[in-house]
Amino acid sequence: MRYEIVQTPALPEHPRPIVSIGAGGIVRDAHYPAYRKAGFSVVGVYDLDAKRAADMAASFGVPKVYASLQEAVRGAPPDAVFDVAVPASAILDILPHLPDGRGVLIQKPMGENLADARKILDICHSKKLIAAVNFQLRYAPYVLAARSLIAQGAIGDVHDMEVRVMVYTPWQMWSFMYGIPRVEILYHSVHYLDLIRSFLGEPNGIYAKTVRHPKQAKLASTRTNMILDYGDTLRANITVNHGHEYGLRHQESYVKWEGTRGAIKATLGLLMNYPQGEPDSFEYCVLEPDKEPAWESVPLSGSWFPDAFIGTMSSLMRFMEGSSEMLPTSVDDACKTMALVEAAYQSSESGATPIPA
């Protein structure tokens, strides 16, 4: 049987102008390249670092550089979407200044902890903001491909989902992470927690342990194991090690889905040899009676960066224009992912079950 494998998100019928708040590395590497690829127009940019904002505007043809957040708000077109890409600690300072009732895409994570996430949620509700969080891994080409295969019943009922990442991550690229109390789960594995939720729904709970690396004294934990509890037949695991400094040969980065009729494996090449990355791959296997299992490779069009960032902005614009009834990464949904992050840290801090004497 041949399956329709979807790798690209639906685009809005009438794209809105984008006003960009924050012009850091993620904006340079993913936001702006994605919007350029999708044909979205960034009409203005503001950053605390005026030179950085000016350089980004020059590089990507953004016509307006705002001198302040207040100027960005006043100068925004009435139908603009605000793209807020700042560290988690700054989100609560920015949202109160945005006009009521407007659209806003907030870069993940949704604050530094669950308390922040709830405050962000309250602000968005009180100001009637149409707000989503940029959990863009949901829209990576290989994730869209997996979701389309699963929706068509290709692999049957999913009973196992696994994320494994063993790479060397150059944390020095994100200097704001040095000295903060939470790093790996909050800023990285939050993607995987959100991804699993999007496929499997809400877990009953979580078992987790996150630890520091002895060669990264200035960083909080960067290596994590997590098990999401979905009962006694559905398994969901996340294993992440950002300190594998021994070359590419044994680095790994993949998401795997197993079902009653088949399996899917996607290689997330971006995370290996970061930031240059390695090629992605996508394979699936459908069991057939009296035949040996065989895997089929599917060519991919695009990758996590920048293509997935088209999906989150598109979903917000489509929801605002009414061409979609759903906003998958709404702040209400994202708050549930942040609750799972909080539970993971609590599990890690509570310690293991003592072994009986």
May I ask you to list the residues in region 207-239 that are within 30 Å of Gln152 (Cβ to Cβ) and of a type in the set (Val, Ile, Thr)? Ile227, Thr233, Ile238, Thr239
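Every residue, every condition in (1) at pLDDT 95 or above; (2) more than 13 Å from the chain's Cα centre (by Cα); (3) basic (Lys, Arg); (4) surrounded by 15 or more Cβ atoms within 10 Å (Cβ to Cβ), yes or no:
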{"residue": "Ala154", "(1), (2), (3), (4)": "yes, yes, no, yes"}
{"residue": "Glu162", "(1), (2), (3), (4)": "yes, yes, no, yes"}
{"residue": "Ser175", "(1), (2), (3), (4)": "no, yes, no, no"}
{"residue": "Tyr187", "(1), (2), (3), (4)": "yes, no, no, yes"}
{"residue": "His191", "(1), (2), (3), (4)": "yes, no, no, yes"}
For Met313, all conditions in the list (1) surrounded by fewer than 18 Cβ atoms within 10 Å (Cβ to Cβ); (2) of a type in the set (A, V, I, L, M, F, W, C); (3) in contact with a Phe, Trp or Tyr (Cβ under 9 Å, 6 or more places away or on another chain) hold save one; what is the number of the exception? (1)
State all residues of region 63-116 that are hydroxyl-bearing (Ser, Thr, Tyr) and out of contact with any helix residue (DSSP H, G or I) (no Cβ under 7 Å at 6 or more places or on another chain); if no residue qualifies, say none. Ser68, Ser89
Single residue of region 260-281 satisfying the filter (under 24 Å from Ala151 (Cα atoms) and either small (Gly, Ala, Ser) or without any contact (Cβ under 8 Å) to a residue 12 or more places away in the chain (or both)) that is surrounded by the fewest Cβ atoms within 10 Å (Cβ to Cβ): Ser281
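Out of all the residues in region 153-197, which are of a type in the set (D, E, K, R) and outside any helix (DSSP H, G or I)?
Result: Asp157, Asp160, Glu162, Arg164, Arg182.
Rundown of residues vs (1) touching a helix residue (DSSP H, G or I) at 6+ places or on another chain (Cβ under 9 Å); (2) at positive phi, yes/no style:
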residue	(1), (2)
Trp174	yes, no
Leu186	yes, no
Arg197	yes, no
Gly201	no, yes
Arg212	no, no
Thr224	yes, no
Arg235	no, no
Tyr254	no, no
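Conditions (1) of a type in the set (Asp, Glu); (2) in contact (Cβ under 8 Å) with a residue 24 or more places away in the chain; (3) over 30 Å from Pro181 (Cα atoms); (4) not in a loop (DSSP other than H, G, I, E, B), marked per residue:
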residue: His213; (1), (2), (3), (4): no, yes, no, no
residue: Gly247; (1), (2), (3), (4): no, no, no, no
residue: Glu258; (1), (2), (3), (4): yes, yes, yes, yes
residue: Glu283; (1), (2), (3), (4): yes, no, yes, yes
residue: Pro289; (1), (2), (3), (4): no, no, yes, no
residue: Leu300; (1), (2), (3), (4): no, yes, yes, no
residue: Trp304; (1), (2), (3), (4): no, yes, no, no
Of those in region 1-18 that are of a type outside the set (A, V, I, L, M, F, W, C) and farther than 16 Å from Thr312 by Cα, the residue surrounded by the most Cβ atoms within 10 Å (Cβ to Cβ) is Tyr3
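The values are calculated or read from the model by the stated rules, or taken from the named source; none is laboratory data. The structure presented is a predicted model; accordingly, all values stated were derived computationally and were not measured. Using ideal geometry, Cβ is built from the backbone for each residue, glycine included, and neighbour counts are taken over all protein chains shown.
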